[in-house]
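To keep things clear, I will list the structure first and then write my remarks on it.
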Number of protein chains: 2
Amino acid sequence: MGQQETGSVLLAINGVERDIWMHELAKKRQVVLDPAEAGTAPIRYAVVWKQQRGLLASLPDLEVIFSLGAGVDHVLSDPTLPDLPIVRVVSPNLTQYMVEYVTWRVLDHHRQMLTYRNLQANSEWFAPAQPPAPEISVGFMGFGELGRASANAVQSLGFQINTWSRRKAQADGMKCFGGADELDAFLNETDILVVLLPHTPQTTGIINHALLSKLRRDNALGGAFLINAGRGGLQKEVDILRALDDGTLKEASLDVFEIEPLPKASPLWAHPRVFITPHSSAVSDARELVPAMLRQMDQYERDGKLQHLVDRKAGY
Amino acid sequence: MGQQETGSVLLAINGVERDIWMHELAKKRQVVLDPAEAGTAPIRYAVVWKQQRGLLASLPDLEVIFSLGAGVDHVLSDPTLPDLPIVRVVSPNLTQYMVEYVTWRVLDHHRQMLTYRNLQANSEWFAPAQPPAPEISVGFMGFGELGRASANAVQSLGFQINTWSRRKAQADGMKCFGGADELDAFLNETDILVVLLPHTPQTTGIINHALLSKLRRDNALGGAFLINAGRGGLQKEVDILRALDDGTLKEASLDVFEIEPLPKASPLWAHPRVFITPHSSAVSDARELVPAMLRQMDQYERDGKLQHLVDRKAGY
């Protein structure tokens, strides 16, 4: 099949290194960074990450939108977004990276990394009391593919697991809560909160002081912990800072922020009990993801079928 | 069964908080800290951790030695040790703690904690390239109960696993090496070395510069890593420091040391690429372990049987 006979691809990714995506897509398709470059070839596909507002609406031949990453708020937030199918990238590597990040952050908080770091800085040989994992509960807010896989990994290390999602989930050996009515009960039994919610109008700013104050603090670790690997729009950073300073939260691991990159002036950078990563908990690997996108384009041209479609009404 | 009819217990533990062990053992047995306190009651059992040399040989009625912790070098190194059965404490919690420690340290090295910590200190938003777990191999030197359980946990996160033990092991999906002949091949394919060997005359000082220089350094993480959660006597600390400074090792996590507590003057404390914990990777929990010891004493008095006996000839 020649490139002329199949649709071209617009690569509209921002804040991400483009070269590797271009290189991988160009193995099978004509790829352009600007619609003007396409000439007469119809742009039938767009591969997007935080695309420029209005860009997709300007493409008369566009048929399918491919979103980098599991979350699609960065696509949907464009008010001019055309009503076309959106394919979410779901990759085993992405899930593996996220499982690893969540496990790593849970263990760092549970094994008292900050305490050990301070002891070492003072050449002090002392072992703080260490509660075993079964005495600590890790609560997953958001229980999609990434949440479920991460919860399984943390459960296998012996922790108690709670889950909360819009519709109550089912999971072996976990305590599952669902809907607004059960959110407080979920929080009251959670020591380490892992946020993997989709970002929708309903979840914007949900991680605020009132919510954090409902976490369990009288536990064997002497405080509550927050890990946000979902989206920055879920959290109110001014509330997180207040919660850290008034004892509501003991420590936080944040991979996502209200504004990204996190501004240099943010007090989060220097807070001694905040651990920051730059939206790198789970990275999309072009070498792995592009072949799956190219296969979907081929299949779509054969029979019109697409997998991993986003539910636009639900917003994720 | 009254305390008079059964054997008393000598609690000979050093460098460990004694009160909780005393409290738990005293629920069912007469417990003494000094043989002189026993009066006419025969001391048939000793619960020991780094016992005073010669102490056990002075007890004419001693029948069974219970060792805190999975390793027993601290018991066997007493040249006057009487030829009595030694029961090793094997607890699910101990294994769980060790699995957690090893997983935590592997993830901290793999996810580049030191790099992120430096980036955060400079308020710098930058994601270093992150190799996926399957590109990194974790090699377990020592593959007893703790090694096997830890390897399983690390394998489930996607890492390649190598194992080395005196007699070659068998394990699904892992590359197993055995004996002195295969040690170099094991090291050549290992990026992150996890040491969980028993400490015997044959393994003393085995973690030296020559051994570390055989690890794989041209990997996706750009260097080799050492995690020692076995025994301090396995390592030559002067060699580890040299390996860190000449590029043989990128980072090290050390839970055990040649001399414990680690002397204040040790340059390990201040080394920026060494993470120190004070022999606390897996802590023995008296509330969990003492009931099992008391059950073994009762059973021994009924039928003479003991579980989890140490092979004194092998030294572990």
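Against the condition modelled with pLDDT of 95 or more, in contact with a Lys or Arg (Cβ under 7 Å, 6 or more places away or on another chain) and open to solvent by less than 10 Å² (accessible area, probe 1.4 Å), how does A:Ala243 come out, does it pass? Spelling it out, it is not the case that A:Ala243 is modelled with pLDDT of 95 or more, in contact with a Lys or Arg (Cβ under 7 Å, 6 or more places away or on another chain) and open to solvent by less than 10 Å² (accessible area, probe 1.4 Å). Looking across region A:162-190, just one residue is β-branched (Val, Ile, Thr) and in contact with a helix residue (DSSP H, G or I) (Cβ under 8 Å, 6 or more places away or on another chain), and that is A:Thr163.
In this structure, B:Tyr316 does satisfy being in contact with an Asp or Glu (Cβ under 8 Å, 6 or more places away or on another chain) and open to solvent by 50 Å² or more (accessible area, probe 1.4 Å).
The residue list B:Phe126, B:Phe143 contains one member that is open to solvent by 50 Å² or more (accessible area, probe 1.4 Å), free of Cβ contacts under 8 Å to residues at least 60 places away in the same chain and not basic (Lys, Arg), which is B:Phe126. For region A:136-165, which positions are at pLDDT below 95 and of a type in the set (D, E, K, R)? Correct list: A:Glu145 only.
Could you please let me know if B:Val310 is open to solvent by less than 10 Å² (accessible area, probe 1.4 Å), aliphatic (A, V, I, L, M) and more than 12 Å from chain A (Cβ to nearest Cβ)? Taking the combined requirement at face value, the residue does not satisfy it. Of the residues making up region B:216-229, those that are open to solvent by 50 Å² or more (accessible area, probe 1.4 Å) and either out of contact with any Ser or Thr (no Cβ under 8 Å at 6 or more places or on another chain) or in contact (Cβ under 8 Å) with a residue 60 or more places away in the chain (or both) are B:Arg216, B:Asp218, B:Ala220, B:Gly222. Could you look through region B:125-176, keep only residues that are part of a strand (DSSP E or B) and of a type in the set (A, V, I, L, M, F, W, C), and pick out the one that is nearest to the other protein chains (Cβ to nearest Cβ)? Ranking the candidates gives B:Val138 first.
For region A:167-188, the criterion of being at pLDDT 95 or above, under 27 Å from A:Ser280 (Cα atoms) and open to solvent by 50 Å² or more (accessible area, probe 1.4 Å) is satisfied by no residue at all.
Close contacts from region A:202-215, counting a first residue that is within 12 Å of A:Asn188 (Cα to Cα) and a second that is of a type in the set (Lys, Arg) and crowded, with 16+ Cβ neighbours inside 10 Å, with Cβ to Cβ under 6 Å and a gap of 6+ residues or different chains, come to none at all. Looking across region B:230-289, the residues that are in contact (Cβ under 8 Å) with a residue 40 or more places away in the chain, touching a strand residue (DSSP E or B) at 6+ places or on another chain (Cβ under 6 Å) and within 13 Å of chain A (Cβ to nearest Cβ) come down to B:Ser253, B:Arg273, B:Phe275.
The values are calculated or read from the model by the stated rules, or taken from the named source; none is laboratory data. Owing to the predicted nature of the structure, the values given are computational and were not obtained by experimental measurement. Cβ: placed from backbone, ideal geometry, glycine included. Neighbour counts: every protein chain shown. Just the protein is used for accessible areas: all its heavy atoms, side chains included, with ligands, DNA and RNA removed. Shrake-Rupley method; radii C 1.70, N 1.55, O 1.52, S 1.80 Å.
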